[in-house]
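The values are calculated or read from the model by the stated rules, or taken from the named source; none is laboratory data. None of the values given here were measured: they were computed from a predicted structure. In this analysis, Cβ positions are derived from the backbone assuming ideal geometry, glycine residues included, and neighbour counts consider all displayed protein chains.
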Amino acid sequence: MALEPGSPGPQSVEARPSAWGGLSAILDTPQKRGITIVVILAAMVIAPQAFGPYATVILTNALLYTILALGLNVVVGYAGLLDLGYAAFFAVGAYSVGILTTGFGWNFWATIPVAVIVAMIAGVIIGGPTLRLRSDYLAIVTLGFGEIVRIAARNLQITGAASGISGIEQPWLFGWHIARQVDFYYVFLVLAVIAILVSVRLANSRLGRAWLYVRHDEDAAEAMGIDRVRVKLAAYIIGAIYGSIGGAFFAVNLTAISPQSFSFQQSTLFLMAVVLGGMGKIPGVILGAFVVVLGPELLRDLGSFRYLVFAVGLLLIMLFRPSGIWPSGGKR
Amino acid sequence: MTLTTILAQQLVNGLVLGSFYALVALGYTMVFGVVKLLNFAHGDLYMVGAFTGLLALSAVAGAAGTSWVGVGLSILLAMIAVGFLGVVIERIAYAPMLRAPRLSILITALAVSLVLQNGVLTISNGQVLAFSPKLGFAGLNLGPVFINYKQIALAGTAAVLMIALELFITRTQYGRAMRAVSVDRDMSELMGIDVNRVIAVTFFVGSALAGAAGTMAGAYYGSVWYFMGFIIGLKAFTAAVIGGIGSIPGAMLGGLVLGLLESFGTQIPGIGSEWKDVFSFSVLILVLVFKPTGLLGKSEQERM
């Protein structure tokens, strides 16, 4: 068999990766793993009290990125598809909430199902035709889709054109007015935990195994009876749902949204979070999300130069450590 | 203005726009044909070309002036510089990845694109720089339609470059080697073709064309900035897909078709110029749905 460029060569054969990646090599017993998770969670719960309001804003943002990176990870890490317009789904969620709450007086919680359905429909429209073709096409079509959504948001009346939508009401939950930054921090913490649990369950599900097979050898997977278009579409739509929910909560957190929040740069930041930590590995993706959010804070003095630092970092990681910065345990 | 005048004027605009798209699409399609890589950084090479052209113009201004000769020289210099940049990028970033999984190489290409964009952002401080050669506003009146000399020179240069490329591909040894590698890389290697050299030549030629298009666009529109390659990269890809990706005549045809579609499409009531990009991406999606092989592409059984 001729080894075509781009086809997985012998060196890309790896041991079946678990969603926990290299973590299992260090934390080899369930006890150690349990203790680590409890410690991290406890640290996250007391973090707002310990670090003050500024850190709370940054950490809330890091949790939002965790949710979005986990969603994008379903598309990129699990199914092996490159999505360069992920901010579009984020925008769909945010604008659904913005339009329905400010324009039509809906309750925030009632808008979430609508946001999810709209994102799913968008996912089918974009993914349906392109997933049948070469996987490269999806990358560039999603790039175009991201631009379409941003341009539409900037030019339509209903999305408030360039100035966006402001005055989005902060939600109530059983008498609790989610309004302070700390409140939102805990809401995002809960959402991130749910996102992690769903990601773990997905990786171990029948669908998760199907993604693994499709990612490694599409032809063989199809010969085994896996409908590759359907499982890819499933990944794409699940990713869209994550993005949309993240966007919905993003909108109520900031109470104002504008087209600049959904640019191509935003999509690349999400992708960077997934790639930096290690595609397909949940702890790696979480780490990546925190690096992407906290890194620019630490490099703030560098100004726009920090984006160059990020870009060079991404290139170096792809060249020298394609499996991400998270230690890759086990056999390669 | 009568409807015919508007249409004729849009025809000219469409052909000018189409020439840019075609030149950039050619590089996309050539690289794709030879190494099966979607070079996301291609649009950014166009952007680097525009900046290099601006630099070159100020460098040769003393000797050759900033008129036609000066601009011609700076196009040439930008082609050489960007051509070499393309080869360097291929050697550093893509060569080690050519046999890696497809997802890795796509992300690498994106990383290269971000490095170029942010590199130029840092150097130029994110500013829009004026690119103002003294080419005048004179032109020809063809009946009711006015065509200025810049537009004629631009379409002419694009045509000359495309003809030169066609001759290069069909008549020279490198062109033949390039076609062989795009059909079967391993077999070409067994036949004694220096595949790495062919890939380098492909990157050089493709990037040089993007560099030429960048300089011409800078001189034509009068300004350059670090993000100018992003949209044209997308458009050129659309053009390459319309023509059939991997097909060189397809890229030329696709570029012109897209340029014309855009300039006529924006005349349709309800589709103003702010919707221009949405219009062309919708065209891309429709082509992928109904004719994914494009106008001149051959249908190939894809091996994943």
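Keeping to region B:245-254, report how many residues are within 16 Å of residue B:205 (Cβ to Cβ), of a type in the set (Gly, Ala, Ser) and surrounded by 24 or more Cβ atoms within 10 Å (Cβ to Cβ). Counting residues in region B:245-254 that are within 16 Å of residue B:205 (Cβ to Cβ), of a type in the set (Gly, Ala, Ser) and surrounded by 24 or more Cβ atoms within 10 Å (Cβ to Cβ) gives 1. In this entry, residue A:67 is excluded by the filter for residues that are loosely packed, with under 15 Cβ neighbours inside 10 Å, part of a helix (DSSP H, G or I) and at pLDDT 80 or above. Considering (1) within 30 Å of residue B:8 (Cβ to Cβ); (2) hydrophobic (A, V, I, L, M, F, W, C); (3) outside any helix (DSSP H, G or I), the lone condition that residue B:281 does not fulfil carries the number (3).
Tell me, yes or no, whether region B:127-139 has at least one residue that is within 14 Å of chain A (Cβ to nearest Cβ) and either in a helix (DSSP H, G or I) or more than 21 Å from the chain's Cα centre (by Cα) (or both). Lay out the reasoning, then the answer.
Step one: filter region B:127-139 for residues within 14 Å of chain A (Cβ to nearest Cβ), giving B:127.
Keeping just the survivors that are either in a helix (DSSP H, G or I) or more than 21 Å from the chain's Cα centre (by Cα) (or both) gives B:127.
Yes, region B:127-139 contains at least one residue that is within 14 Å of chain A (Cβ to nearest Cβ) and either in a helix (DSSP H, G or I) or more than 21 Å from the chain's Cα centre (by Cα) (or both).
Here is a list: B:40, B:32. Which entry is part of a loop (DSSP other than H, G, I, E, B) and within 14 Å of chain A (Cβ to nearest Cβ)? When all the criteria are applied, what remains is B:40.
For the residues A:141, A:149, A:190, the requirement of being surrounded by fewer than 19 Cβ atoms within 10 Å (Cβ to Cβ) and within 20 Å of the chain's Cα centre (by Cα) singles out A:190. Among residues of region B:246-289 being within 14 Å of another protein chain (Cβ to nearest Cβ) and of a type in the set (Phe, Trp, Tyr), the one that is farthest from the chain's Cα centre (by Cα) is B:275. For region B:178-187, the criterion of being in a loop (DSSP other than H, G, I, E, B), touching a strand residue (DSSP E or B) at 6+ places or on another chain (Cβ under 9 Å) and either facing another protein chain (nearest Cβ under 10 Å) or surrounded by 19 or more Cβ atoms within 10 Å (Cβ to Cβ) (or both) is met by none of the residues. Quick one: would you say residue A:209 is away from chain B (no Cβ under 14 Å) and among the basic types (Lys, Arg)? Considered against the rule, which asks whether it is away from chain B (no Cβ under 14 Å) and among the basic types (Lys, Arg), residue A:209 comes out as yes. How many residues does region B:140-151 hold that are outside any loop (DSSP other than H, G, I, E, B) and loosely packed, with under 13 Cβ neighbours inside 10 Å? Total meeting the criteria: 3. The set of residues in region B:218-235 that are more than 14 Å from residue B:287 (Cα to Cα) and not aromatic (Phe, Trp, Tyr) comprises B:218, B:219, B:222, B:223, B:224, B:228, B:229, B:231, B:232, B:233, B:234. Of all the numbered requirements in (1) more than 9 Å from chain A (Cβ to nearest Cβ); (2) assigned to a loop (DSSP other than H, G, I, E, B), residue B:292 misses one, and that requirement is (1).
Filter region A:199-233 down to the residues that are under 19 Å from the mean Cα position of the chain (by Cα), crowded, with 16+ Cβ neighbours inside 10 Å and without any contact (Cβ under 8 Å) to a residue 60 or more places away in the chain and list them by number. Listed by number, the list holds a single entry, A:207.
For every residue, the table says whether it meets (1) touching a His at 6+ places or on another chain (Cβ under 6 Å); (2) under 29 Å from residue B:40 (Cα atoms); (3) surrounded by 24 or more Cβ atoms within 10 Å (Cβ to Cβ).
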position: A:53; (1), (2), (3): no, no, no
position: A:56; (1), (2), (3): no, no, no
position: A:71; (1), (2), (3): no, yes, yes
position: A:96; (1), (2), (3): no, no, yes
position: A:99; (1), (2), (3): no, no, no
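With region A:246-321 as the region, which helices (runs of 4 or more DSSP H) entirely inside it contain at least 3 residues that are among the charged types (D, E, K, R) and more than 10 Å from chain B (Cβ to nearest Cβ)?
Details: elements: A:264-277, A:282-298, A:305-320.
Answer list for region A:246-321: none.
Could you name every one of the helices (runs of 4 or more DSSP H) located completely within region A:84-197 that has at least 3 residues being farther than 30 Å from residue A:37 by Cα and more than 14 Å from chain B (Cβ to nearest Cβ)?
Values: elements: A:87-98, A:108-130, A:135-155.
Where helices (runs of 4 or more DSSP H) fall fully within region A:84-197 and carry at least 3 residues being farther than 30 Å from residue A:37 by Cα and more than 14 Å from chain B (Cβ to nearest Cβ), they are A:87-98, A:108-130.
All told, residue B:66 meets the bar of being more than 18 Å from residue A:313 (Cα to Cα) and not in a helix (DSSP H, G or I). Residue B:129 meets each of the listed conditions (1) farther than 21 Å from residue B:85 by Cβ; (2) surrounded by fewer than 18 Cβ atoms within 10 Å (Cβ to Cβ) apart from (1).
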